[in-house]
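Structure, as structure tokens:
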Amino acid sequence: MLVFSAVFFGIIALLIIYVIVTYNGLVSLKHNTAKAWSNIDVLLKQRHDELPKLVEVCKQYMQFEQTTLEKVIQARAGIASAQEHGDIKALGAAETQLRQGLSGLFAVAEAYPELKANQSFQQLQQRITALENDIAFRREFYNESANQNNIRIEQFPDLIIARLSNFQAFDLLEFSETETQDVDVESLFNA
């Protein structure tokens, strides 16, 4: 009888330890994913603050390229709206629109030697390019964190604890095939 009680309480203790470790692991994944999203948010805010400066410098030289500048401005507004609403799918679309707009802006800038030589333009272009690279890295990190969270809350037996504790899956930041295609720089020069 004593052996049976010891085995019974040992199994209960192991089960409690398993639940605690699993729950803490799920909490850690949830917070790492939220942190990854916050890191993207910070970089988007920095880029959001830099874009008006770039557009203003370009306006001084590119009086006839208003549509190119307007695309960048509209994409910037779309990103701000998606961030405000926490809409990851809309953010992906707006990000792609902005990336294409910036590629177009930098390509069109090639036709303006004074603009290309402008130190402010060069610094802003380098800063925005660096931010774009950082954002791409953070997107990848966010998607990895979200994917780890989503896998863990669907695996048995962790899914039991996840469902009892109401852990939710995170949306991945995805882009459609058309959004990930290379920008046709030649068409930008002919536009």
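The values are calculated or read from the model by the stated rules, or taken from the named source; none is laboratory data. Just so it is clear, the structure is predicted and the values come from calculations on it, not from any experiment. All Cβ positions, glycine included, derive from the backbone under ideal geometry; neighbour counts span all protein chains shown.
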Seminar exercise, completed: Residues of the range 149-191 being assigned to a loop (DSSP other than H, G, I, E, B), at pLDDT 90 or above and either on the phi > 0 side of the Ramachandran plot or among the acidic types (Asp, Glu) (or both), in sequence order, are ASN166
Problem set entry | Out of SER81, SER103, SER120, sole residue that is more than 24 Å from the chain's Cα centre (by Cα) and of a type in the set (Ser, Thr, Tyr) | SER120
Exercise. In the range 94-111, how many residues are farther than 30 Å from ALA82 by Cβ and surrounded by 17 or more Cβ atoms within 10 Å (Cβ to Cβ)?
Worked result: 0
For this session: Please name all residue pairs, on different chains or six or more residues apart, with Cβ atoms under 8 Å, provided the first residue is in the range 1-23 and is within 30 Å of PHE167 (Cα to Cα) and the second residue is of a type in the set (Gly, Ala, Ser) and surrounded by 10 or more Cβ atoms within 10 Å (Cβ to Cβ).
Result: TYR23/SER165
Exercise. Has the range 140-148 got at least one residue that is at pLDDT 75 or above and touching a Gly at 6+ places or on another chain (Cβ under 6 Å)?
Worked result: no
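How many of the residues in the range 27-36 are buried (at least 19 other Cβ atoms within 10 Å of the Cβ) and of a type outside the set (D, E, K, R)?
Residues meeting the conditions: 3.
Matching residues to (1) within 23 Å of SER145 (Cβ to Cβ); (2) without any contact (Cβ under 8 Å) to a residue 60 or more places away in the chain; (3) not hydrophobic (A, V, I, L, M, F, W, C):
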| site | (1), (2), (3) |
| --- | --- |
| ASN32 | yes, no, yes |
| ARG47 | yes, no, yes |
| GLY78 | no, yes, yes |
| GLN83 | yes, yes, yes |
| ILE88 | yes, no, no |
| GLN100 | no, no, yes |
